[in-house]
Amino acid sequence: MGILHNCFGGCGSTSRKQPSTTIEHLCHRFSLSQLRKLTNDFDESRIMGEGPRSVVYRVCVSVDGQLRDIAVKRLRREAAISLNGFSRYKTDIIFICQLHHPNLVSFVGYCDDKNEMILVHDCAPNGSLYNQLHETRSKSPIRPWRKRLEISIGVARGLHYLHSGTKRTILHRDIRPASILLDENWLPKLAHFGLCLRGPKFSAKDMKPIRLESVEGPWGYIAPECFSAPNVTYKCDVYSFGVILLELICGKTLSQISQHKGRHTEAASVIPFTFSVVKEVRNLGGTGNAEGIMDECLVGEIGGECWKLYMDITESCLSEDPNERPHMGEVEIQLERVLQLQEEADSNNTSL
């Protein structure tokens with residue numbers, strides 16, 4: 001019997017109460033022997049990615065008579081045995097197996113045999129947005145500005161679904177380039193649901209925060225209000241998305257931007273720094289002199305009206321006041337307009 005058998009549906013604090021649906025009815029439970037066979041005993045030649053918490057293996061299986069590439073994400077031993085690692089693993093499974101959207105990663109199953117913690121989901125052959133923005137040495141297919149816009153729209157659609165497409169608002173809380181996977185058609189898929197929370201019913205007038213014991217989330221992407229009190233709303237995801245919009249235009253991580261500016265940024269000071277970068281990118285881009293901050297491969301590609309609206313959206317998402325940040329549905333519509341403006345600019349050949 002797996003270690004999760006008695007844990008799904010009903011454990012956890014009241015602030016993180018999860019749905020009571022039996023997990024076995026929602027997804028497939030693999031045995032460890034099955035996954036050892038699929039991965040050739042977790043052979044290094046099958047590794048497609050790894051990080052401090054997990055190693056991901058790529059395998060091909062037959063599903064309903066059709067071959068299908070899947071990713072087997074195996075938690076490292078130290079992450080699997082930690083209380084925090086187990087909590088994230090369990091939460092990831094609970095949410096991902098119940099959510100279905102073209103811009104969310106498709107879940108296949110899990111394994112919890114012999115103290116192993118393994119997630120199985122559809123393969124993302126083009127890696128993560130982080131890989132493509134910050135690690136690809138050759139010319140990446142997402143270098144063209146229009147491709148980046150299309151990816152941003154897909155991420156916005158996925159977040160819009162989480163915030164208002166289910167019975168209750170779902171807060172992702174881990175929005176960053178590494179959590180955005182790219183499939184064979186470069187369609188973005190949100191992943192990493194280990195920090196997700198189920199919030200109140202979506203309402204523009206009801207933004208009651210969820211009170212937590214401590215702040216969690218990736219450095220640089222945490223909304224400013226979380227530092228004054230460990231409370232979160234879906235507007236925290238909007239802020240994180242704004243940071244991604246900034247990275248898409250700069251082609252750099254916040255750490256790289258701060259180093260370029262000759263500044264060391266701690267968590268408490270990254271918020272005003274991030275907003276100042278947005279304003280500087282806007283001002284320099286408008287004069288065609290954003291060398292060193294704006295991604296150099298984008299110079300000459302972005303239409304003037306497209307640029308203005310994109311920076312408007314980025315600034316609004318990064319507003320220090322969560323009430324001034326837009327809803328993701330509004331962001332999605334605006335980004336679609338940005339893409340339309342870029343297409344018009346390409347036709348008229350009038351880019352920055």
Looking at (1) part of a loop (DSSP other than H, G, I, E, B); (2) within 21 Å of Cys226 (Cβ to Cβ), can you tell me which one Ser140 breaks? (2)
If you take the residues in region 179-193 that are open to solvent by less than 50 Å² (accessible area, probe 1.4 Å) and charged (D, E, K, R), which one is nearest to Asp69 (Cα to Cα)? Asp183
Does Arg16 satisfy being modelled with pLDDT of 50 or more, surrounded by 11 or more Cβ atoms within 10 Å (Cβ to Cβ) and more than 17 Å from Cys123 (Cα to Cα)? no
Tally the residues that are without any contact (Cβ under 8 Å) to a residue 12 or more places away in the chain and more than 19 Å from Arg29 (Cβ to Cβ), restricting the search to region 60-79. 6
Quick check on my filter: what residues within region 295-352 are out of contact with any strand residue (DSSP E or B) (no Cβ under 8 Å at 6 or more places or on another chain), open to solvent by less than 70 Å² (accessible area, probe 1.4 Å) and small (Gly, Ala, Ser)? Ser316, Ser319, Gly329
Test result for Lys167, open to solvent by 30 Å² or more (accessible area, probe 1.4 Å) and modelled with pLDDT under 90: yes
Can you go through Ser82, Ser106, Ser87 and tell me which one is surrounded by fewer than 20 Cβ atoms within 10 Å (Cβ to Cβ), without any contact (Cβ under 8 Å) to a residue 12 or more places away in the chain and out of contact with any Ser or Thr (no Cβ under 7 Å at 6 or more places or on another chain)? Ser82
Six or more apart or on different chains, Cβ under 9 Å: which pairs go from a residue in region 208-228 that's within 16 Å of Asn323 (Cα to Cα) and of a type in the set (Asp, Glu) to one that's open to solvent by less than 20 Å² (accessible area, probe 1.4 Å) and in a strand (DSSP E or B)? Could you list them? Glu225/Val232
Report those helices (runs of 4 or more DSSP H) wholly inside region 31-107 carrying at least 3 residues which are more than 21 Å from Gly194 (Cβ to Cβ) and over 21 Å from the mean Cα position of the chain (by Cα). 32-38
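The values are calculated or read from the model by the stated rules, or taken from the named source; none is laboratory data. Note that the structure is predicted; figures quoted are calculated from it, not measured. Here the Cβ is made from the backbone with ideal geometry for all residues, glycine too, and neighbour counts use every protein chain on show. Accessible surface areas use protein heavy atoms only, side chains included; no ligands, DNA or RNA. Shrake-Rupley method; radii C 1.70, N 1.55, O 1.52, S 1.80 Å.
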